[in-house]
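**Student:** Quick one: the structure is below, and I'll ask about it shortly.
The values are calculated or read from the model by the stated rules, or taken from the named source; none is laboratory data. Keep in mind that this is a model prediction, so the values were computed, not measured. Cβ sites come from the backbone with ideal geometry, for glycine too, and all protein chains shown count toward neighbours. Each accessible area value is taken on the protein alone, full model and side chains, heavy atoms only, with ligands, DNA and RNA left out. Shrake-Rupley method; radii C 1.70, N 1.55, O 1.52, S 1.80 Å.
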Amino acid sequence: MLRYYASKCVQLVCCLAFFASVAIADSPVQSLAAKLSPWIEVATGKAEAFDLRGSASIKIDGKLQEIHLRLTRYDREGFDFAVQHSEYALEIRRREDGIALGLPIHGKVYLGRGASPVSDHLRPEGLIDRTIDTGTSLSIALPILRTSEPEGIAEALISLIGLSRGTEPDEWIKDGYRFRFEGDGKALSAVDGSQRVSIELLDSTDLKPKGLEEWPDMKIVMKDRGEIEQQLARGARRALEVLSPSAKLTKPAAKNRKIDHGELKWVDGQRVAILWGTPEEVGTAHGRLLKTEAMRCIDSVIHAFGTVQTIATGSWFRDDLKDAHSRLAPHIPERHREEITALARSMDVDEQLLLEANVFPELFHCSGFALFGKATKDGKLIHGRVLDYMTAIGLQDCATTFICLVDGGIPFANVGYAGFIGSVSGMNIEQISLGEMGGRGEGKWDGVPMATLMRRALEECSTIEQVKELWTNSPRTCEYYYVFADGKNRSAVGVAATPEKIEFVHPGQSHELLGEGIPDAVVLSAGSRLEELRRRVQKDYGTFDEVSGQQLMCRPVAMNSNLHNVLFVPEDGVLFVANASHDQPAADRPYTRIDLRELLRNIPGNVPAAKETITQNSRYTASDSWVAIADDRSDAQECLKELCWVPTRFDVTFEPARVDRGDLLVRFPSPIQGEIEINNRVAM
């Protein structure tokens, strides 16, 4: 609701500003400039004192709703801003010595005193320049506003709109809206049928600002002033980018880059970040390649969503996140903390902020399936994953598929977001793929974060049994559902997990929440989406392939908030990824084919440098150089299938050699494991 209203306000305010210029068509520019002058002074910050009041009756969820706003500026430092609605309300008071955020519905005030922060503050002077950046289309108006000349602004605005005269005096029509100067010109209104928005500019010279602590019957909670202003300033800036994105976000420049331990590639318009090395090297490369996108992710999660959540609940969102992190942190591997620390350092941001952003409490409402054997055209396993989650906060601007080869771990692909190292959708080179779906139980944070468990499975597990064992033996958080799949033996399992228990649902197994079992299939979703997904699977059973598997994830199986969809084909090392745009859910977007094996081949191997000396009892991690080949003849391909193995990373050890048998004894694991243990390690 807040997002919808904010969007309407942006549109209407822009239209009102544009309307003010059209009088140029029939009267001298000087006449129009005189009428526009007070509004321009307010918009450009020249007016140090004013009282702006607005009211709106607009449709939200098909129902007319009343909203009232007031913005009063007292001087160079101080202002009041208030929004009132039947379901939410807020009031901001800013003074030279502090700031307060009041939440009347919750009877709570967050108050911060002291000096204003150096950056990300709400000082009125220059606020437009700090709030509107190149990520929003509104930035095109900045050069015009910076002229501060009514004549120049009037001349420029007339060319941007096409208003026609209405039937009433001073009335103009544009896209169904009727705009009008009223009274002495210090009132503007916009009407569209039953919807109406009006703004009035009053003199504020007689107004006396209230004190920061004058909040009768409300509880005051002291906070750091810098944190309050940063929350509101960065949240507002990011909200404008999401509500009215510029081409910089909707059509980003697709430039490939290479740095130490990292490469950014664009594949059919999608970001693919290839990272390799130690956790510190991977984190550093991540930050260097994707700093801008990672900052947008932080602002979406912490500042934009955090502000809305604070207004909705009355609880300071950052405090809730800090509490979650303090309880989750003991269960996060040290290597992951090292990666986040390096990421924060390379981005020049507060490490604690990034640690908290990485345990952002997700509540996903999603769908997933795995089909194989009789359910697919050629018996090959396909695993679909639908992520329905918060397109409204702009995470699609940060969408990135990561190809990671971290020392000591299994190489993997992680479909995620810049600045976030955990996983919600992924597949590793061992043909294991995973997708999750959120349930209830938010706040049960005494365990391993869901996204950390997912990442660990990608790094550590080469069989579906190992994945199940990891979940069974780890302390879990909240309520989550998963689909785990293994392309090696064409198997899959559905999982229902809470902190207290875990349940596995196997292919063909009936379940009270999922319905009657479907052979060679695992199908997870909820409500009408589950019914539709089951109907589609049963209707075209036995015919599914890479293309028709993608169609299974179309609307309405995917929701309007569909952030990304992935179809994994683990056996081939391939995944198909679709990301949402600002005006389309992922299900309506094209899929991009990403070949994990091919991308991994281009990563330099982590082997000892020529100048290093290999000694007894030393160890290093090597990269497998085997490249699988294909043969058009089916019998030859079956033979090759038995001889081939999956390229991966493995440890090589050096031991003292036997007498007269060379310099060193070299050992490493066999790529193909058998029943005879002594043959599972190679020695030479």
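**Student:** Nearest 20 debye, what's the magnitude of the dipole of the chain about its Cα centre given +1 on Lys and Arg Cβ and -1 on Asp and Glu Cβ? Working shown, then result.
**Tutor:** Details: 80 positive and 98 negative charges, 85 e Å.
Result for the chain is approximately 400 debye, rounded to the nearest 20.
**Student:** Here's a follow-up. Could you pull out the pairs from Lys374/Lys468; Lys265/Lys291; Lys468/Lys501 whose alpha carbons sit more than 18 Å apart here? Don't skip to the answer; put the middle values down first.
**Tutor:** Values: Lys374/Lys468 24 Å; Lys265/Lys291 15 Å; Lys468/Lys501 13 Å.
Among Lys374/Lys468; Lys265/Lys291; Lys468/Lys501, the Cα-Cα distance tops 18 Å for Lys374/Lys468.
**Student:** Step through the residues of segment 550-562 one at a time and calculate ³J(HN,Hα) from phi using the Karplus curve (6.51 cos²θ - 1.76 cosθ + 1.60, θ = phi - 60°), rounding each to whole Hz and writing x for Gly and Pro.
**Tutor:** My calculation for segment 550-562 gives 5, 5, 4, 9, 5, 4, x, 4, 8, 8, 4, 8, 4 Hz in order.
**Student:** Near Lys219, which lysines are there with a Cα under 24 Å away, not counting those fewer than 8 places off in the same chain?
**Tutor:** Lys108, Lys208, Lys210, Lys322
**Student:** Calculated from DSSP H runs of 4 or more alone, at -39500 (n - 2.57) each and per residue, what is the 222 nm mean residue ellipticity of the chain, nearest 500? Write down the numbers at each step before the final one.
**Tutor:** Working: 18 runs with 194 residues, N = 684.
Calculated mean residue ellipticity at 222 nm is -8500 deg cm²/dmol.
**Student:** Could you grab the relative contact order for segment 54-138? Cα pairs under 8 Å, six or more apart, rounded to a whole percent.
**Tutor:** Values: 130 pairs, mean separation 14.5, N = 85.
RCO, segment 54-138: 17 percent.
**Student:** From the square roots a ≥ b ≥ c of the eigenvalues of the alpha-carbon gyration tensor of segment 471-581, which class results: rounded (a/c under 1.5), prolate (a/b over b/c), or oblate?
**Tutor:** On the way: a/c = 1.32, a/b = 1.30, b/c = 1.01.
Since a/c stays below 1.5, the shape of segment 471-581 is classed as rounded.
**Student:** Just to verify a number: what accessible area does Val448 come out at with the full protein assembly present, 1.4 Å probe, Å² rounded to tens?
**Tutor:** Counting only protein heavy atoms, the figure is 10 Å².
**Student:** Give the cross-link partners of Lys186 among the aspartates and glutamates, using a straight C-alpha distance below 14 Å as the criterion and excluding same-chain residues fewer than 8 apart.
**Tutor:** Candidates past the 8-residue exclusion: Glu41, Asp51, Asp170, Glu200, Asp203.
**Student:** How high is the relative contact order of the chain, given as a whole-number percent (alpha carbon pairs under 8 Å, six or more residues apart)?
**Tutor:** This gives 10 percent for the chain.
**Student:** Take Glu293, Glu334, Glu503, Glu675 and sort them by solvent-accessible surface of the protein heavy atoms, 1.4 Å probe, largest at the top.
**Tutor:** Numbers: Glu293 35, Glu334 100, Glu503 70, Glu675 190 Å².
In descending accessible area the options line up as Glu675, Glu334, Glu503, Glu293.
**Student:** Under 5 Å between amide hydrogens, which residues at least 5 positions from Gln509 or on another chain qualify, with H placed 1.01 Å from N in the peptide plane?
**Tutor:** Residues meeting the amide H criterion: Ile518.
**Student:** Under a 1.4 Å probe, what is the accessible area of the chain per residue, stated in Å²?
**Tutor:** On the way: 30890 Å² over 684 residues.
Normalised by residue count, the accessible surface of the chain is 45 Å².
**Student:** Then there is this: Relative contact order (percent) for segment 333-484, with alpha-carbon contacts under 8 angstrom and 6 or more residues of separation? Working shown, then result.
**Tutor:** Working: 248 pairs, mean separation 31.3, N = 152.
The normalised contact order for segment 333-484 reaches 21 percent.
**Student:** Same structure again: Enumerate the calculated ³J(HN,Hα) couplings along segment 309-320 in order (Karplus 6.51 cos²θ - 1.76 cosθ + 1.60, θ = phi - 60°), each rounded to whole Hz, writing x wherever the residue is Gly or Pro.
**Tutor:** These are the phi-based 3J(HN,Hα) values: 5, 5, 5, 6, 9, x, 9, 5, 4, 4, 5, 4 Hz.
**Student:** Each label point is 7 Å from the Cα along the Cα-to-Cβ direction; what then is the distance between the points at Glu87 and Ser528, in nm?
**Tutor:** Result for the modelled spin labels: 1.9 nm.
**Student:** Moving to a separate point now. Can you sort Lys265, Lys251 by 1.4 Å-probe accessible area, starting with the largest? Don't jump to the answer; show the numbers that get you there.
**Tutor:** On the way: Lys265 55, Lys251 160 Å².
Solvent-accessible surface, decreasing: Lys251, Lys265.
**Student:** Suppose the chain between Gln673 and Ile60 were pulled fully straight at 0.36 nm per residue; how much longer would it get relative to their current alpha carbon spacing?
**Tutor:** Working: separation 613, 0.36 × 613 = 220.68 nm, distance 6.11 nm.
The Gln673-Ile60 span can extend by a further 214.6 nm.
**Student:** Quick one: order His68, His511, His331 from most to least accessible surface, probe 1.4 Å.
**Tutor:** On the way: His68 85, His511 30, His331 60 Å².
If we order His68, His511, His331 from most to least accessible, we get His68, His331, His511.
**Student:** Please report the accessible area of Arg234 (heavy atoms, 1.4 Å probe, ligands and nucleic acids excluded) in Å², nearest 10.
**Tutor:** Accessible surface of Arg234 is approximately 20 Å².
**Student:** Spelling out what I want: for every residue of segment 239-253, take phi, set θ = phi - 60°, compute 6.51 cos²θ - 1.76 cosθ + 1.60 (Karplus), and round to whole Hz; glycine and proline get x.
**Tutor:** Using θ = phi - 60°, the values come out as 4, 5, 5, 6, 6, 9, x, 8, 4, 4, 9, 7, 9, x, 5 Hz.
**Student:** Rank by packing, highest mean first: peptides 45-56, 453-464, 418-429, with packing defined as the count of other Cβ atoms within 10 Å averaged across residues.
**Tutor:** Working: 45-56: 17.5, 453-464: 22.3, 418-429: 26.2.
The densest-packed peptide leads the list: 418-429, 453-464, 45-56.
**Student:** Moving on. In terms of modelled amide H atoms, which long-range or inter-chain residues lie less than 5 Å from the amide H of Phe402?
**Tutor:** The answer is Ala273, Asn414, Val415, Gly416.
**Student:** Between rounded, prolate and oblate, where does segment 435-532 land on the alpha carbon gyration tensor, with a ≥ b ≥ c its root eigenvalues, rounded for a/c under 1.5, else prolate if a/b exceeds b/c?
**Tutor:** Values: a/c = 2.08, a/b = 1.18, b/c = 1.77.
Here segment 435-532 falls in the oblate category.
**Student:** Over the heavy atoms of Val547, what accessible area does a 1.4 Å probe trace out, to the nearest 10 Å²?
**Tutor:** 100 Å²
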